[in-house]
């Protein structure tokens with residue numbers, strides 16, 4: 001007798017709660033309450049209900065109100081009690097390690113010969129193509145490639161030395 005109302009009730013409860021899962025829980029509880037009410041020995045003593053749909057909706061609304069009251073009765077957590085986790089890149093240890101690694105790479109780049117440093121910076125930091133760097137510096141693309149490789153190797157060596165410590 002109540003089967004035809006399930007989807008309708010579920011849609012109503014989903015709109016009311018904003019959660020399909022919470023709506024399913026309330027619907028199940030409402031059905032249980034109504035079925036217990038109609039069962040022999042229940043409050044209605046097994047008597048037929050004139051409007052089962054109305055009874056089902058009333059039970060669901062009452063359950064929603066009860067849940068809302070219970071949630072409101074819970075003590076609110078103080079914001080100071082909540083442990084807030086920062087994203088990994090914001091953790092002090094990681095930020096310090098990143099700053100140290102950046103300083104290490106800056107020193108490695110600063111130690112490159114001037115023309116090598118210029119080609120490397122134009123390529124890696126400015127994003128210019130090897131052809132554009134060759135034109136700007138007045139050297140061959142092959143030489144630009146060698147400067148970039150030397151810059152990369154210098155950075156790699158600096159990082160490896162730091163890891164070895």
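The values are calculated or read from the model by the stated rules, or taken from the named source; none is laboratory data. The shown structure was predicted, so the numbers you read here are calculated from the model rather than taken from an experiment. With ideal geometry, Cβ positions are generated from the backbone for all residues, glycine too; neighbour counts draw on all protein chains shown.
Scanning region 125-165 for residues that are surrounded by 15 or more Cβ atoms within 10 Å (Cβ to Cβ) and within 17 Å of residue 103 (Cα to Cα) yields 151, 154, 155, 158. For region 44-58, a residue qualifies if it is at pLDDT below 90 and surrounded by 10 or more Cβ atoms within 10 Å (Cβ to Cβ), and the qualifying residues are 44, 45, 46, 47, 49, 52, 53, 54, 55, 56, 57.
For region 59-97, residues that are at pLDDT below 70 and assigned to a helix (DSSP H, G or I) total 3.
For region 118-165, which positions are free of Cβ contacts under 8 Å to residues at least 60 places away in the same chain, within 15 Å of residue 105 (Cβ to Cβ) and touching a helix residue (DSSP H, G or I) at 6+ places or on another chain (Cβ under 6 Å)? Give the steps one after another, and end with the answer.
Keep residues of region 118-165 that are free of Cβ contacts under 8 Å to residues at least 60 places away in the same chain, which gives 118-161, 163-165.
Checking which are within 15 Å of residue 105 (Cβ to Cβ) leaves us with 120-121, 123-125, 148, 150-161, 163.
The answer is 120, 123, 148, 150, 151, 154, 155, 158.
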